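The values are calculated or read from the model by the stated rules, or taken from the named source; none is laboratory data. Note that the structure is a prediction, hence the values are computed from the model and not measured. Positions of Cβ are backbone-derived with ideal geometry, glycine not excepted, and every protein chain shown enters the neighbour counts.
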Amino acid sequence: MDAIGDLVWLQDARGFCLDANPAFERLAQTERSRLLGQRLEDVLDPGLAGNLWQPDWSALQAGRACTHEIWLTIKDVPRLCEITHIPQRDSAGALVQIQSLGRDITQRHQRIEQSLRDSQRQLADVIDFLPDALLAIDRDKRVIIWNKAIAKITGIPPEAMLGRGDYAYTVPFYGERRPQLMDLVFQSDADLERRYAHVTREGDTLTAEGFCNALHDGRGAWILARVAPLRDAAGQVVGAMEIIRDITDSKRLEEDLRQLTRLDPLTQLFNRRYFFTLAEQEYQRFLRYHHPMALCMIDIDHFKSVNDRYGHLVGDTVLCIVAQTLHDNLRQVDVLARYGGEEFVILLPETDLQTARASTERLRVAVAERQIETPNGSVSVTLSLGVVVIADGPAMTLERLLDAADQMLYRAKQAGRNRVEIWDLGRSMESDAC
């Protein structure tokens with residue numbers, strides 16, 4: 001014991017000192033002879049005695065060592081010491097004495113603290129290096145991480161946001177204090193979840209899209225957010241983190257691509273394929289509610305002669321002007337599409353025979369009276385229109401309705417063009433049934 005530089009002392013099961021080494025004498029500033037047979041608290045300063053002797057009696061009685069750390073002043077220098085009490089039992093298993101060791105762990109503690117500071121600095125560098133915006137909150141919903149990327153998109157520096165609670169972190173995104181996606185980490189909220197699009201779960205990670213109206217000085221932005229809980233060593237949720245990516249450009253590209261699949265590139269009307277998608281939806285609604293509906297096929301009269309006389313560039317101009325004229329004279333609910341070549345098709349929901357006749361006649365007149373200015377001179381064209389109207393009756397396919405409208409279009413052409421031919425399909429079915 002005398003050769004050991006660490007503190008060493010020995011006590012019996014009642015807490016009376018049996019031995020102590022010179023290092024302990026120097027700390028206690030008293031001789032070993034004064035310690036023997038005495039309790040530490042009866043000889044030493046009460047504060048020092050309490051720091052040294054903090055036994056866990058249940059552990060000692062069970063034969064297990066117990067340890068605690070405490071700051072002690074050794075040679076007028078504060079030192080962090082690890083105090084360990086080691087039980088010694090007799091052959092019957094009874095606790096007979098406790099050997100105590102006091103080890104100076106100041107340097108180890110300093111190395112650990114320095115390593116922790118280095119790790120924290122490295123983690124902070126990694127967080128700030130991330131290209132995506134990252135924020136995190138603790139269990140009290142106070143901001144604990146606000147990286148450079150999120151400072152850039154919100155215009156709010158970390159020092160102005162760290163430590164703030166009461167939903168302060170939502171104001172830069174939504175212009176108000178309100179729950180956002182990361183709050184779903186703490187508890188389920190169906191209403192909150194419905195505010196976002198494409199919500200998916202993978203384990204305890206949530207991913208969703210949403211529109212943040214306050215970003216970019218109020219211009220708003222679409223974001224992709226990924227949220228996960230923060231857990232302590234015991235696995236308990238102690239916070240939440242959220243990675244946010246601005247996907248506005250991607251959404252615009254996605255919408256542009258979607259439009260490319262929907263629109264005719266020349267006239268910018270719906271294309272034939274997308275018309276069938278919309279028309280089938282409207283026709284199913286008709287079958288369910290039996291509200292009147294009309295379908296119109298349109299052909300530009302003598303369009304080939306326009307191409308032959310003025311060239312295909314002028315022909316394209318004529319197609320575009322006719323498309324715009326049709327669009328401008330229809331209701332918002334009507335579905336207009338380029339069917340192919342110089343043909344157009346229109347589905348008119350909630351349209352009876354009288355309304356269909358008036359609407360399609362208005363289209364015919366509007367195009368016939370339109371003078372189309374081109375580099376090769378003024379051009380005018382007329383339309384032939386075939387219309388079918390159905391208000392009730394047995395179910396038909398959309399293709400049969402289109403075929404019926406095409407028959408009316410053929411009849412309009414045979415009758416001299418620049419005219420509307422209408423077939424009340426429902427009334428015809430009633431006559432056939434009689």
* Restricted to segment 171-209, and to residues that are within 14 Å of the chain's Cα centre (by Cα) and among the polar types (S, T, N, Q), which residue is surrounded by the fewest Cβ atoms within 10 Å (Cβ to Cβ)? -> Thr200
* Selected residue [farther than 28 Å from Gly311 by Cβ, at pLDDT below 95, touching a strand residue (DSSP E or B) at 6+ places or on another chain (Cβ under 7 Å) and of a type outside the set (Asp, Glu)] from Ile372, Ile422, Ile390 -> Ile390
* Which residue out of Leu184, Leu224, Leu230 is assigned by TED's automatic domain parsing to the domain that holds Arg142, within 18 Å of Arg139 (Cβ to Cβ), assigned to a strand (DSSP E or B) and not polar (S, T, N, Q)? -> Leu230
* Applying the selection to segment 109-133, what residues are part of a helix (DSSP H, G or I), in contact with a helix residue (DSSP H, G or I) (Cβ under 9 Å, 6 or more places away or on another chain) and surrounded by 11 or more Cβ atoms within 10 Å (Cβ to Cβ)? -> Ile127, Asp128
* To do: Return a yes/no flag: does segment 186-208 have any residue that is in contact (Cβ under 8 Å) with a residue 40 or more places away in the chain and in contact with a Phe, Trp or Tyr (Cβ under 7 Å, 6 or more places away or on another chain).
  => no
* Asked: Can you name the residue in segment 318-344 that is farther than 15 Å from Leu383 by Cβ and without any contact (Cβ under 8 Å) to a residue 40 or more places away in the chain and is also surrounded by the most Cβ atoms within 10 Å (Cβ to Cβ) among such residues?
  -> Asp334
* Determine, yes or no, whether Ala228 is in contact with a His (Cβ under 8 Å, 6 or more places away or on another chain), surrounded by 13 or more Cβ atoms within 10 Å (Cβ to Cβ) and not β-branched (Val, Ile, Thr). => no
* **Yes/no for Lys141 being surrounded by 10 or more Cβ atoms within 10 Å (Cβ to Cβ), of a type in the set (Lys, Arg), farther than 24 Å from Asp232 by Cβ and modelled with pLDDT of 90 or more** => no
* Count of segment 23-75 residues which are surrounded by 13 or more Cβ atoms within 10 Å (Cβ to Cβ) and hydroxyl-bearing (Ser, Thr, Tyr) -> 2
* Asked: Can you tell me how many residues in segment 127-152 are within 19 Å of Ala214 (Cβ to Cβ) and among the acidic types (Asp, Glu)?
  -> 1
* Structure fact -> If we ask which residues in segment 190-221 are in contact with a helix residue (DSSP H, G or I) (Cβ under 7 Å, 6 or more places away or on another chain) and not in a strand (DSSP E or B), their number turns out to be 6
